[in-house]
Each structure stands twice: as C-alpha cells, then as structure tokens.
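These notes concern the structure reproduced below.
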Amino acid sequence: MVERSVTVTVPAKINLHLGVGPVRADGYHDLATVFHAVDMCDTVTASETTGSAVGVKIEVEGEGAQFVPKDSKNLMAVAAELLARHHGISPNVTVHVHKKIPVAGGMAGGSADAAGALIACDSLWQTHTPKIELDSLATQLGSDVPFALHGGTSMGTSRGEVLTPVISTGEFHWVIAFNEGGLSTPRVYAECDRLRELSHHKVTAPFVPEALLYALRAGDPVTLAHELSNDLQAAAISLKPTVQRVLETGVELGALAGIVSGSGPTCVFLTRDASHALDVAARLSGAGVCRTVRTARGPVPGARVTHSTSN
Ligand code: C5P
C-alpha cells in the first residue's frame, strides 16, 4: 500500500551560449555557459511503500521511456541512494518519472530527473537538507544537476556546476525540434576535441559575451538571436549530419535563429513571441525534417514540489 507521495516538476534546459575550453586533467572541459530553463518539464514522484523493503525502485513512462535504464544505474536511483546515505537512512522508495524531456537530447533530461528525485525524496523523508548541501549532492550527480535545482537563467562556469544568476527580463519563446535517436554527451565532447585538433584550433579560456547578457537584460529576442552560440554544435552535426538540415529549415520557416541544444541532437529555435512560436512550430512540423516539434517558454523555476499526499 502506498502511504505517502511527493511530486516534483523539473524543467529542461537550453544553453543560450556554450563556450567549451580545453580538456582538464579530470577529463571534463572548462565551460562558460548560459543555462536557460524552459517549461518542458518532467514530473518525478517519490512514494514510500510499506511492507517488505524495496530499496529504490524506478519506474519510467512517457517520451523515450524505452531508452531509460530502470535499475540502479538510473540517475534518479543514484540520487535517492546518495541523499539517503547523506542522512544515514535506508531508502525504501519508488521513484516514478513521467518524461517529456527528450532522452539523450542535449536538454539535460537525466540531470533534471536526478534533481527531481533529490527534492522529492528530501520532502518525502522530511530530511530538510539545507540548500548548500543539496547543491553539493547535485554536483556529485552531474554537471547540469545544480542548474536543474535552480532553474531561471544562470551563467555556469567550471564544468557547468558553478552558477551565477543572470538578470533577464520578460519571457522568450522557443520551438524545440526533437530528432531521431540521441547523442552521447561524452562522444560529442570527444568529437569536439577531435575536430579542434584536426583544424589546429587554438583552444582558449571560454567566456560569455557581454552582448548576450545585454540582450537578456533587455528581454529582446531579436538581439538575443544574434548572440546564440554553441561550441558543441559542429561536433553534434559531425556525428548526426541531419541536424544541419533541421537548423536550416527552422530558420527558412521564419525562426529568428536556431541552435543545437547542449550536446544535441535536439535543435531549438528562438521566436519573437508565443504566436510566432506556434506558427514556426506548425510549419516545421509540416516540413517533416524532425521527429517531434514542441513549443516552450523560459525562463521557469527549477525543481519544485507541486503535489504531496499524506496518509
Ligand atoms: O557531468 P556529467 O556526468 O553530466 O557529464 C557527462 C560527460 O560529459 C562527462 O563524462 C564528460 O565526458 C562530458 N563533459 C565534459 N565537460 C563538462 C561537462 C561534461 O567533458 N564540463
């Protein structure tokens, strides 16, 4: 019998700028990125089960569920185990996710689910973990997990986990194109390194352009469109050439600009407003160059409890 449950909503992210520096000694790359949370959300529910102990049980439904591991390798299971260990308790929980964020799509869906599991279990177990400790646990889970906790629009440095909020006014409206299949993030970073080596590209310390921060402060999508950039885009296209066609088609059909999201292969298109987004989405859908087309707006908050039941 399910006694109590807590439901958390957690958003996907887009990188408005993704500057990738040299490889570090630990194998990660130094980044200068601007994360932007959009209202394409996964829903994570943690339920305490009475009776025989189950440890951490994972259930997955929705977008791409067939590609998500359901065992202890699932990042939600790792998150629940990590939080339990942090508090010296034995977890006895079912963590269920309803996915809307594409799997291996470059929108940090797995990281979002891990952040969702941390918040849901913390609330279910009433462990009241201080924010600073949640941030530290999130960093251990993955580079994008701290941002999934915070949401909004933030600059990310180091490997992406060091966050500084960015001032942004108004809302931005996006068209999101899901592609067939996913891309492995480590593979895309490795391809980026390979392409740079081939072209003898001198890799310097990454930075976020002032003009991008100005466009966010001004809340101006036309200026922002000129400033979108992603150092992983060439690598994502090299591994999945169809991405190029999607990007070109979205812009031909009227988007202000298109960019690969994170390590791809999802493409995101900036539009002027909500009705422009709907118009571009309908046209892109009709063009048949990608698997699924959605609209989204940002910024939105990070992982938050949206429902809770008690016995
Ligand atoms: O931190 P996370 O586990 O999400 O990163 C997945 C992979 O992406 C890393 O193993 C690494 O190959 C690559 N990565 C990187 N530099 C970063 C972030 C991620 O090389 N700053």
Original post:
If only one of Ala287, Ala277, Ala282 is buried (at least 17 other Cβ atoms within 10 Å of the Cβ) and not polar (S, T, N, Q), which one is it?
Top reply: Ala277
**OP:** Being within 16 Å of the ligand (Cβ to nearest atom) and surrounded by fewer than 23 Cβ atoms within 10 Å (Cβ to Cβ) narrows it down to one of Gly170, Gly152, Gly182, so name that one.
**Re:** Gly182
**OP:** May I ask you to say which residue of Pro91, Pro69, Pro11 is more than 16 Å from the ligand (Cβ to nearest atom) and either assigned to a loop (DSSP other than H, G, I, E, B) or farther than 30 Å from Leu228 by Cα (or both)?
**Re:** Pro91
Subject >> Hits in segment 243-279 - residues which are in contact (Cβ under 8 Å) with a residue 40 or more places away in the chain and more than 18 Å from Met107 (Cβ to Cβ) >> reply: Arg245, Thr249, Arg272, Asp273, Ala274, His276
Original post:
Quick one: what pairs do we get from segment 199-215, first residue closer than 16 Å to Phe35 by Cα, second part of a loop (DSSP other than H, G, I, E, B) and not hydrophobic (A, V, I, L, M, F, W, C), C-beta under 8 Å, 6+ apart or different chains?
Top reply: Pro206/Asp231
**OP:** Scan segment 197-218 and give yes if some residue there is of a type in the set (D, E, K, R) and either within 13 Å of the ligand (Cβ to nearest atom) or in a strand (DSSP E or B) (or both), otherwise no.
**Re:** no
Original post:
Which of the helices (runs of 4 or more DSSP H) contained wholly in segment 231-311 include at least 3 residues that are under 20 Å from Lys100 (Cα atoms)?
Top reply: 274-287
Original post:
Val97 fails exactly one of the following numbered conditions: (1) closer than 21 Å to Ala296 by Cβ; (2) more than 20 Å from the chain's Cα centre (by Cα). What is the number of that condition?
Top reply: (2)
Original post:
Within segment 29-44, is even one residue in contact with a strand residue (DSSP E or B) (Cβ under 9 Å, 6 or more places away or on another chain), within 16 Å of the ligand (Cβ to nearest atom) and of a type in the set (S, T, N, Q)?
Top reply: yes
**OP:** Answer yes if at least one residue in segment 122-135 is within 15 Å of the ligand (Cβ to nearest atom), in contact with a strand residue (DSSP E or B) (Cβ under 9 Å, 6 or more places away or on another chain) and assigned by TED's automatic domain parsing to the domain that holds Ile14, and no otherwise.
**Re:** yes
Original post:
Given the residues Ala104, Ala114, Ala79, Ala108, which is the only one that is within 14 Å of the ligand (Cβ to nearest atom), crowded, with 17+ Cβ neighbours inside 10 Å, free of Cβ contacts under 8 Å to residues at least 60 places away in the same chain and under 26 Å from Asn15 (Cβ atoms)?
Top reply: Ala114
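The values are calculated or read from the model by the stated rules, or taken from the named source; none is laboratory data. The structure presented is a predicted model; accordingly, all values stated were derived computationally and were not measured. So basically every Cβ, Gly included, is an ideal-geometry build from the backbone, and we count neighbours across all protein chains shown.
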